[in-house]
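What follows draws every value from the coordinates through simple rules; no lab data is involved. Remember, predicted model here, so these are calculated numbers, not experimental data. Here the Cβ is made from the backbone with ideal geometry for all residues, glycine too, and neighbour counts use every protein chain on show.
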Amino acid sequence: MLNKLRRIIKSSIVFFLVFPAYIAAHVAVYLSVAHFFPFSQPFEKNILIWVLFMLGAFLGFSIMISTLLAHRWDNHFNRKYYFFSGVWVGFMINLLLFFAFGWAAVLLGQAVGFHFKGRVIGSLAILGGAVYSLYGIVNAFTPIVKKIEVSINNLPKVWIGKKIVQISDVHLGHIYHYDYMLEVAKKINALEPDVIVITGDLFDGTDGHIDVFVEPLNLLKASRGIFYASGNHETYLGVGKTFEVLGRTKITCLRNEVKVVDGLQFVGIDYPAPNEKISVAATIKKIADFKASEPSVLLWHMPSQIAKIRKLGISLMLSGHTHKGQLFPFGIVTRLMFGGYDYGLKKKGNFSIHTSCGLGAWGTPMRTEKHSEIVEITLAKG
């Protein structure tokens, strides 16, 4: 009961912080449209005001309405409405970005004595926002295979040249549904991985109807095993439901435990419940079968607590969570938040970390920072 109350309070705080900014974005877009497309007649201006107000009110609130509907009734209409509402959120962010570019062009032009035509700037901003949003949607639904090589000290000979495929932040649910996971499974199997690792947020926290994903998840094939560690969205969904569904698949859930495969340790750490914190290094130390002197691969959803994890002797840490900001320019924010570990492969001494930008998307079904990705990791002896 206390945890539920804490979640409600936390959600309310987030709502009252984020929603005003969301409304402010709509207002900023309206003011930009009114400036770049001036109307000489008051009647025309009033029509514009009411059209934009009604459009903004309906579409602006749609993300909340569609989330409630989709969570309550999982059907074709609600999934499409949820998708459309998410697209509107991304489009508004991109439109605001391109109007910012437009205002910058106007100010720069005035500084050098050149005056742009308002309608031209406005039209280009709207066109740019629309095209950039379409580009983001394509990126979000057409995953690429990213290939990297990681060297590990004392790697057993049997693992040299072998492949680990990492997927993270798939967010299976209303938007990334059954058919998407079927295609993902085909792409992954075509790589003939030795091991598949899933580093959290496999499911989206707004959708409790995840039984449908048992079949496509069971299509995944890896000769030496499929391992999973939970993410924050599984805690929103309910870890009980998550592990019950995954218990009907071939996936091995690593819950603060280690699995040794041919001399290589795979360690998985549970993501803590909301309002709880854990020390990853301390949790690993409590795992009786973990040996710091032996090569290891850690599955921990968030690229955090890295200094202590590195000192523990972990060879390779695999994470996700950040989405690389998902939409430009939020990648700048994630880079600052995670000290440069928000995306890609980083190496320090005998320790390596790879953070994936993810295979799905959250909030809006767009990606303008990075493509959705499947990561193929080839192991080499350090």
Residue separation between residue 149 and residue 191 times 0.36 nm, minus their alpha-carbon distance, gives in nm 13.7 nm
Given (1) 1.03; (2) 0.97; (3) 1.06 as possible values of Rg/Rh (Cα atoms, Kirkwood Rh), the one from the coordinates is (1)
Cross-link partners among aspartates and glutamates for residue 186, C-alpha distance below 19 Å, same-chain residues fewer than 8 apart left out?
169, 194, 215, 373, 376
How far is it, in nm, from the label point at residue 114 to the one at residue 100 when both lie 7 Å from their Cα along the line to the Cβ?
2.3 nm
Extension gain residue 279-residue 43, at 0.36 nm per residue separation less the Cα-Cα distance, in nm?
78.7 nm
What ranking, highest mean first, results for peptides 272-278, 194-200 when packing means the other Cβ atoms within 10 Å averaged over each residue?
194-200, 272-278
Nearest-0.05 FRET efficiency for residue 211 and residue 381 at R0 = 45 Å, using Cβ-Cβ distance, is 0.60
Multiply the residue gap between residue 336 and residue 308 by 0.36 nm, knock off their C-alpha separation, and tell me the result in nm, one decimal place.
8.1 nm
Based on the mean of other Cβ atoms within 10 Å per residue, sort peptides 116-123, 222-229, 362-369 so the most packed one is first.
362-369, 222-229, 116-123
Where Lys and Arg each count +1 and Asp and Glu each count -1, what net charge lies around residue 375 among other residues with Cβ under 11 Å from its Cβ?
+1
How large is the dipole of the chain about the Cα centre if only Lys and Arg carry +1 and Asp and Glu carry -1, each at its Cβ, rounded to the nearest 20 debye?
880 debye
